[in-house]
1. Give the residue that is surrounded by the fewest Cβ atoms within 10 Å (Cβ to Cβ), with candidates limited to residues of segment 1-22 that are assigned to a loop (DSSP other than H, G, I, E, B) and touching a strand residue (DSSP E or B) at 6+ places or on another chain (Cβ under 7 Å).
2. So which of Thr71, Thr40, Thr58 is farther than 22 Å from Lys121 by Cα and either in contact with a helix residue (DSSP H, G or I) (Cβ under 9 Å, 6 or more places away or on another chain) or among the hydrophobic types (A, V, I, L, M, F, W, C) (or both)?
3. Which condition from (1) assigned to a loop (DSSP other than H, G, I, E, B); (2) farther than 23 Å from Tyr164 by Cβ; (3) within 17 Å of the chain's Cα centre (by Cα) is the one that Ala50 breaks?
4. Of the residues Ile98, Ile102, Ile162, Ile179, only one is out of contact with any Phe, Trp or Tyr (no Cβ under 9 Å at 6 or more places or on another chain) and modelled with pLDDT under 95; which?
5. Condition first: surrounded by 14 or more Cβ atoms within 10 Å (Cβ to Cβ) and among the charged types (D, E, K, R). Now tell me which residues in segment 36-56 satisfy that.
6. Return yes when Tyr168 is among the aromatic types (Phe, Trp, Tyr) and in contact (Cβ under 8 Å) with a residue 24 or more places away in the chain and no when it is not.
7. Across segment 53-90, what is the number of residues that are within 17 Å of Leu129 (Cβ to Cβ), part of a helix (DSSP H, G or I) and of a type in the set (Gly, Ala, Ser)?
8. Which one of Ile125, Ile33, Ile28 is in contact (Cβ under 8 Å) with a residue 12 or more places away in the chain and surrounded by fewer than 14 Cβ atoms within 10 Å (Cβ to Cβ)?
Amino acid sequence: MKLKREFFERDTLEVARDLLGKIIVREIGERIIKARIIETEAYCGVEDKACHARHGKTKRNAPMWGPAGFTYVYLCMGLHNLLNIVTGEKDQPEAVLIRGIIPLTGTSKKFKSYGPGNLTKYLKINRGLNNHDTIYSRQLWFEDDEFAIALKNITSAPRIGISYAAEYRHKPWRFTLKI
């Protein structure tokens with residue numbers, strides 16, 4: 001079942017945790033690629049010193065102020081496109097970074113599932129999918145196949161690569177599904 005906007009309109013930390021085990025689907029022409037989400041990070045608005053919204057609204061981060069369920073895709077370090085999904089209420093800039101996946105379809109070669117740059121390469125996601133509505137899309141969306149997850153298989157830890165973020169660098173806002 002395709003995820004509805006209401007799923008993403010909730011608290012960002014809840015969405016980040018609840019995305020674990022969900023399926024991300026990418027359709028490219030006749031080809032459909034599916035992968036299970038196994039790692040996410042929550043970015044919780046202007047107060048969060050690690051969030052791109054901390055310095056206010058810019059052309060780059062404008063999708064974060066939009067409706068929940070839209071994408072925020074940006075280039076990191078000039079190398080990798082990273083995929084975020086906007087969460088919470090409109091005009092409250094929060095999002096969840098998709099950090100890790102396990103391929104379900106579309107690959108016959110070994111895939112390095114960890115790392116947000118690797119998964120966007122695998123799913124062929126670039127900035128052309130920035131500010132993209134995943135609720136009505138035929139190119140990129142999220143599904144729930146009712147994959148059962150035991151709470152003991154979910155871990156939380158500090159986010160990665162945000163040493164500059166003062167007290168926010170220690171927040172346990174990275175969620176991982178042990179499979």
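The values are calculated or read from the model by the stated rules, or taken from the named source; none is laboratory data. As the structure is a prediction and not an experimental result, all values here were calculated from the model. Positions of Cβ are backbone-derived with ideal geometry, glycine not excepted, and every protein chain shown enters the neighbour counts.
1. Narrowing segment 1-22 to residues assigned to a loop (DSSP other than H, G, I, E, B): 1, 3-4, 9-11, 19-22.
Subsequent filtering for residues that are touching a strand residue (DSSP E or B) at 6+ places or on another chain (Cβ under 7 Å) retains 1, 3, 19-22.
Numbers: Met1: 7, Leu3: 20, Leu19: 26, Leu20: 22, Gly21: 19, Lys22: 21.
Here the answer is Met1.
2. Values: Thr71 fails: farther than 22 Å from Lys121 by Cα; Thr40 fails: farther than 22 Å from Lys121 by Cα.
From the options Thr71, Thr40, Thr58, the qualifying one is Thr58.
3. (2)
4. After applying the criteria, what remains is Ile179.
5. Selection gives Arg36, Glu39, Glu41, Asp48, Lys49, Arg54.
6. Yes, satisfied.
7. The total comes to 1.
8. Values: Ile125 fails: surrounded by fewer than 14 Cβ atoms within 10 Å (Cβ to Cβ); Ile33 fails: surrounded by fewer than 14 Cβ atoms within 10 Å (Cβ to Cβ).
Every option except Ile28 fails the conditions.
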